[in-house]
Amino acid sequence: MKREVAPQETTRAEAFDLWMTSPMPMVTLTKTFNVTNVLRASKRRGVKFNALLCWCIGKAASHIKEFYILPEKDTLFQYDSLAINVIVNNCKGGINSCDIALTEDFEQFNRDYTTLTRSVAENCKSEFLDDAMIIGTSAMVATELDSIVNQYTDKFLNPMVMWGRYRKGWFKATLPISFQFHHVQMDGGDASRYLEYLQQEIHSLRL
């Protein structure tokens, strides 16, 4: 569910006054993660690495209350649920978007991920959820990347989590992940806590 809220009635009132009219209100943080647990679980369960990582991304976000508020035009909206957006390569050689609702149960999330992304790829038609706060993702696995800074557009103010190909060492796999967020939605401290929660979710993954 999505509802409009007055900025002054939220903890983001000062940030709204400071950053809503800024020509560049997006901030990007990059952290290198130990994703060994995700890679092992992916191989053990026969599920996609990106599906597991997207679920961890959503689970970590669910611990941060700022993820449930998003600026839009000249106001704020409050949400009571989260969803993950993934970019899908379609059968015509182009790309489409696909929103997948976050669930506590990975099995359900994985079923939705598999069914929806396959449908989007085959039909070349994007799938959107209007009543959830969307966390955008972009996986550019054709190469290893150190950092990604996304374009800023006032058409999409949602947080974005982006990565390239993971790196395999002798005993672990690592992956630099870039996190872009709107400064009205959260501060740097909130974003830093989110990245810590994400590593914790990855480490605690038990499937």
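The values are calculated or read from the model by the stated rules, or taken from the named source; none is laboratory data. Keep in mind the model is a prediction, meaning the values are calculated, not measured. Note: ideal-geometry Cβ built from the backbone for every residue, glycine included; neighbour counts use all protein chains shown. Ligands, DNA and RNA are stripped out before the accessible areas are found, and what is left, the full protein with its side chains, is counted by its heavy atoms. Shrake-Rupley method; radii C 1.70, N 1.55, O 1.52, S 1.80 Å.
General remarks:
- Length-normalised contact order of the stretch 7-120 in % [C-alpha pairs under 8 Å, at least 6 apart]: 18
- Links that overshoot a 29 Å alpha carbon limit, given the list K59/K168; K48/K172; K92/K172: K92/K172
- Each Lys or Arg adds one and each Asp or Glu subtracts one; over the other residues with Cβ under 11 Å from the Cβ of A139, this totals +2.
- Positive-end ranking of G58, A41, T103 along the dipole of the stretch 37-116, with charges on Cβ about the Cα centre, is headed by A41.
- Semi-axes of the equivalent ellipsoid for the stretch 1-82, Cα gyration tensor, largest first, Å: 33, 16, 10
- Highest to lowest packing among 147-160, 172-185, scored as the average C-beta count within 10 Å: 172-185, 147-160
- Taking a straight line from the alpha carbon of K155, these lysines sit under 17 Å away, with near neighbours fewer than eight places off in the same chain left out: K73.
- Three-way shape label, the stretch 81-191, alpha-carbon gyration tensor, a/c 1.5: rounded
- Total formal charge among the other residues, if their Cβ is under 15 angstrom from that of Q8, Lys/Arg +1 and Asp/Glu -1: -4
- Carbon and sulfur %, accessible surface of the chain computed with the full protein complex present, 1.4 Å: 50
- Student exercise, the stretch 1-126 dipole from Lys, Arg, Asp, Glu Cβ charges, in Debye to nearest 20: 860
- For the chain, the fraction of alpha-carbon pairs lying more than 22 Å apart is 49 percent, rounded to a whole number.
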